[in-house]
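Read through the structure below, which is laid out as structure tokens, and then see the notes.
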Amino acid sequence: MSEFTPKVDGVVEAELEKTIGPWREAWVGFRKSKVAVVGAAIVIFFIVLALFGPLVTKEGINEQFMTDRLQPPSSEYWFGTDDFGRDIFSRIIHGARISLSVGFFSVVGSIVVGSFLGIIAGYYGRWIDTIISRIFDIMLAFPSILLAIAIVSVLGPSLRNALIAIAIINVPNFGRLIRSKVLSIKEDEYIIAAKAIGMKDFRILFSHILPNSMAPVIVQGTLAIATAILEAAALGFLGLGAEAPYPEWGKMLADSKDYLQNAPWTMIFPGLAIMLTVLGFNLMGDGLRDALDPKMKS
Amino acid sequence: MRKGKLWSFALIMLLVLSTALAACSGGDDQEGSGDKDKDAADKGGSENKTLVFGRGGDSTSLDPSRVTEGETFKVTVNLFETLLNFGEQDTTIQPGLAKEYDTSEDGLTYTFQLEEGVKFHDGTDFNAEAVVKNFERWANGDSDTFPYYNSMFGGFKDDEEHVIESVKADGNSTVIITLKRPQAPFLKNLAMSMFAISSPTAFEKGDDEYERNPVGTGPFKFVEWKPNETITIEKNEDYWQEGLPKLDRIIFQAIPDNSARLNALLSGEIDLADGINPADGVKIEDNDALQLFERPSMNVGYLGLTVTREPFDKKEVRQAMNYAIDKQSIIDSFFEGRAEVAKNPMPSSISGYNEDVEAYAYDPEKAKELLKEAGLENGFEMELWAMPVPRPYMPDGTKVAEAIQSNLADVGIKAKIVSYEWATYLDKASKGEADAFMLGWTGDNGDADNFLYVLLDEDNIGSNNYTYFKNDETHKLFLEAQTEVDEDKRIELYKQAQEILHEEAPWVPLAHSIPLLGGAKELTGFVPHPTGSDLLSNVEFK
């Protein structure tokens, strides 16, 4: 909207504003929020950890050293060892890869499927909209973790199936978001114009409507990664996620719960790792929302 | 503005304060009513006479003859009595409802002299006629209704293998049981909880009705059963043994999670807890208000290899599995040393145990060699079934499975850990659907037959022989041992069988554990029984 601001501030500033695109503008807005930057820093830290951490940690994270079991944190074992004598520090770093990829890919999956369904429902309306929306309503009527448990139980417990289940339960959130956005966009002049010059539905949908409804999806997506990581950990905790011996954080928590009093470090560090990543994504998501939401701009 | 803030602050403080106070007074109230409850239970007495016994699961039935499951016997051993009893902490034969018994020379006729003046809880008389009716009821059943009768006495009335020829009453207090062929563990079988004598008037009303309203002669009477929560039994005022029982009431409370049960014990909600994690043993020992009980070990935890499934149909592979698994470190880590490494399918306390069998050492190289011999030098992939529930013989199935998984990985075997809900697990394993599965067994009568024959004979494929192991030699030895009355010869037969089982290796025997219980310090007279069914008539609070 900056193009339409009255240019009473002077020519120089007006020209400067012209060069700032909406994404750049969002970045400026994002940077203004300290909390969001902290969140982003945490997220980037974990991403770096997931990408490069495994290169620097000890070899053989799944190898068991029974003589070294339940060792408290020390200079050799920074986060101590678990009940199989495995180095918790190395396992948490490897776990970052698992948790982040489950979070990321499940959300990408739900965005793709959700956007597709949402666009169709919103653009074509009528009975297609009714069917898709009612299916979303039904799915949203279940508590999400319960639905995830049900899906994993049907598919069989494994990390891949946990990822699929989390992707499925998040589809209606994105679907509804996109649908409402499409409903408002499709009445905009440029869409009507596109229709008027005889553009095909497919092109209208994917080169005009979709890019213009992406902003809320990105915000929602960042926040959804946080929830997805939490849900993956919950499934892992219930024994429905990653299989042994994968160092999935939720599973690490579940495995250590019997040692809560004897060896608290076995629970504290995986718990902290989950908490920090989720916090990071949430802070970043909030910052993004403020930066991308035109209503929040003064 | 300022003033307003001050006010709201004061208001919030007031709220917080009143909430805190309300919570305090609530606590007081609860404690007060708790005391009242206890007083009521004591019937005015100053001491506590109600025992709350926390355990891992609920009973499936209260008619002991219909199940083979330990949680039922835990309760029914206090409601019912058997003709003969086991020793206080062993499986020697002691008098029960029969004060004396006599065996004929040929081992075919047993004569029992019954206690007189004993009454069932419903007021009817216990006598020879009642005993005969109980045996008739079982013999006329089928393997669905009385499964354990089937495996202990070789079938039912019209079956050829059925051991019991007749059960007759001679007068009011003599029972004569005649067998078709000698059965060495016959007396031990009679002492098993499932062959407890019920009131005929009560079970004649129908099996399903009886299952929920048991009537025996035991020291306690049945009061109430809230499924998956509690079973309450109370003192039998007319009990025939003077001065017993000492408690007024026992509540069996099902708390499936081991840690939750331990917490309930620590907080005093329950007085006695079964299934204490080995890792928590020290915590109870260190606690001044609690005491730790060790149940004498009469169990075996094992990894079964389904011999009908590839590649476990090859003996070399099964032996390789035995060499690959480091049992000692499993026991050190997950049994906290409170177990003995197993080399035979039964514990050393059972007569007939073969000391001379040389255990498979932990030797990954040897395992690799054997795999190579079997043509599997590159290893193979398999499913490793981990028990979903803690059992006395296996405190943490998943953890042990992970340790085994890592052992197997060292020799090139890729194991995928799978688990199902407990009932499904047993059902699928009994159908032979598992490659390798973890399981265990607690002996019910302390006889070798109750381990070797029940768990590894072809007759029990589909019931307790989950590995589908079948061997003509052992089958012959087991049947011979069943009818052999000479104890020394019998021991010899079982020793031979164990040699063969060791060589054929249908299992990787893992451990004979020492199950732990925790109780309040004031508890006296509690003696944990190796079978897992504890008679509580002598228990009281000091």
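Read-outs: derived from the displayed coordinates by stated rules, not from any lab. Note that this is a predicted model, so its numbers are computed, not measured. Here the Cβ is made from the backbone with ideal geometry for all residues, glycine too, and neighbour counts use every protein chain on show.
Quick one: in the range B:387-427, what % of C-alpha pairs are over 16 Å apart?
Counting pairs separated by more than 16 Å, the tail of P(r) holds 42 percent.
List the residue ranges in chain B for DSSP H helices whose C-alpha atoms run 27 angstrom or more along the long axis and whose Kyte-Doolittle average is -1.0 or above.
Helix filter hits for chain B: B:2-42.
From the C-alpha gyration tensor of chain A, pull out the three semi-axes of the equivalent ellipsoid (sqrt of 5λ each), sorted largest to smallest, in whole Å.
Numbers: eigenvalues 365, 135, 36 Å².
Taking √(5λ) for each Cα gyration eigenvalue gives 43, 26, 13 Å.
May I have the convex hull volume per residue, in Å³, for the Cα set of the protein assembly as shown? Don't skip to the answer; put the middle values down first.
Numbers: hull volume 203.9 nm³, N = 840.
Per residue, the Cα convex hull of the protein assembly as shown comes to 243 Å³.
When averaged across all projection directions, what area in nm² does the alpha-carbon convex hull of the range B:432-542 cover?
9.4
Given the range B:178-326 reduced to its alpha-carbon atoms as identical point scatterers, what log10 I(q)/I(0) does the Debye formula return at q = 0.09, 0.11, 0.14 Å⁻¹?
Listed by q, the Debye log ratios stand at -0.57, -0.81, -1.06.
Of all DSSP beta bridges located in the protein assembly as shown, what percent are antiparallel, nearest 5?
80
Which percent of Cα-Cα pairs in the range A:152-298 sits in each 10 Å bin, short to long?
Calculated P(r), rounded to whole percents: 10, 28, 26, 19, 11, 5, 1, 0.
Consider a paramagnetic label point 7 Å from the Cα of A:Lys195 along Cα→Cβ; state which residues of the range A:95-138 have an amide N under 19 Å from it.
A:118-130
Calculate, in whole percent, how much of the Cα-Cα pair population of the range B:143-235 lies beyond 16 Å. Write down the numbers at each step before the final one.
Details: 2901 of 4278 pairs.
Tail of P(r) above 16 Å: 68 percent of Cα pairs.
Per 5 Å bin from zero, what fraction in whole % of the C-alpha pairs of the range B:261-400 is there, up to the bin with the longest pair?
Per 5 Å bin, starting at zero, the Cα-Cα P(r) for the range B:261-400 comes out as 2, 8, 15, 17, 17, 15, 10, 7, 5, 3, 2, 0 percent.
What FRET efficiency do you get for B:Ile500 and B:Arg181 if R0 is 25 Å and r is their Cβ-Cβ distance, rounded to the nearest 0.05?
Efficiency for this residue pair is about 0.55.
Mean residue ellipticity at 222 nm from the helices of chain B, using -39,500 (n - 2.57) per DSSP H segment of n ≥ 4 over the full residue count, to the nearest 500 deg cm²/dmol? If you can, show how the numbers build up before the last one.
Working: 17 runs with 186 residues, N = 542.
Helix-only estimate at 222 nm: -10500 deg cm²/dmol.
Kindly put B:Asp447, A:Asp201 in sequence by how many other C-beta atoms sit within 10 Å of each C-beta, fewest to most. Present the calculation step by step, with values, prior to reporting the outcome.
On the way: B:Asp447 27, A:Asp201 12.
Lowest to highest Cβ neighbour count: A:Asp201, B:Asp447.
I want to make sure I understand the PRE zone here: with the label point 7 angstrom from the Cα of B:Asp122 toward its beta carbon, which residues in the range B:208-229 have backbone N atoms less than 14 Å away?
Once the point is set 7 Å along Cα→Cβ of B:Asp122, B:208-217, B:222 turn out to lie under 14 Å by backbone N, inside the range B:208-229.
In which sequence would B:Leu272, B:Leu179 go, from the one with the fewest C-beta neighbours within 10 Å to the one with the most?
B:Leu179, B:Leu272
Determine, for B:Glu402, B:Glu433, the number of other Cβ atoms within 10 Å of each Cβ, and report the residues in order from fewest to most.
B:Glu433, B:Glu402
What number results when the radius of gyration of chain B, computed over Cα atoms, is divided by 2.2 N^0.38 Å?
1.10
What's the Cα-based Rg to Rh of the range A:108-161, Rh via Kirkwood?
Across the range A:108-161, the Cα-based Rg/Rh ratio is 1.07.
Can you work out the PRE-style zone for B:Glu373? Point 7 Å along Cα to Cβ, and I want the residues of the range B:488-527 with backbone N under 15 Å.
Under 15 Å, as judged by backbone N against the label point of B:Glu373, lie B:502-506 of the range B:488-527.
From the P(r) of the range A:141-231, could you give the percentage of C-alpha pairs in the tail past 16 Å?
On the way: 2536 of 4095 pairs.
Of all Cα-Cα pairs in the range A:141-231, 62 percent lie more than 16 Å apart.
Run the simple label-point estimate for A:Lys34 and B:Lys315 please: 7 Å along Cα→C-beta, distance reported in nm.
Label-label distance for A:Lys34 and B:Lys315, simple model: 7.7 nm.
Quickly work out the A:Phe202-to-B:Glu100 label distance, labels modelled 7 Å from Cα along the C-beta direction, and quote it in nm with one decimal.
Going from the B:Glu100 label point to the A:Phe202 one covers 10.1 nm.
Given the rule -39500 (n - 2.57) for each run of at least 4 DSSP H residues, summed and divided by the residues of chain A, what is its mean residue ellipticity at 222 nm, to the nearest 500 deg cm²/dmol? Don't jump to the answer; show the numbers that get you there.
Numbers: 11 runs with 203 residues, N = 298.
Value at 222 nm, helices only: -23000 deg cm²/dmol.
Return a whole-number percent for the relative contact order of chain B, with Cα pairs under 8 Å and 6 or more residues apart as the contact set.
Here the relative contact order equals 19 percent.
Got the relative contact order for the range A:78-145 handy, in percent, Cα pairs under 8 Å and 6 or more residues apart?
Relative contact order comes out at 13 percent.
Once you have the alpha carbon radius of gyration of the range A:15-100, what is it after dividing by 2.2 N^0.38 Å, with N set to its residue count? Provide the component values of the computation, followed by the final result.
Working: Rg = 20.0 Å, N = 86, 2.2 N^0.38 = 12.0 Å.
That ratio works out to 1.67.
I need the calculated FRET efficiency for the pair B:Lys168 and B:Trp240, taking r as the beta carbon distance and R₀ as 35 Å, to the nearest 0.05.
Efficiency, rounded to the nearest 0.05: 0.90.
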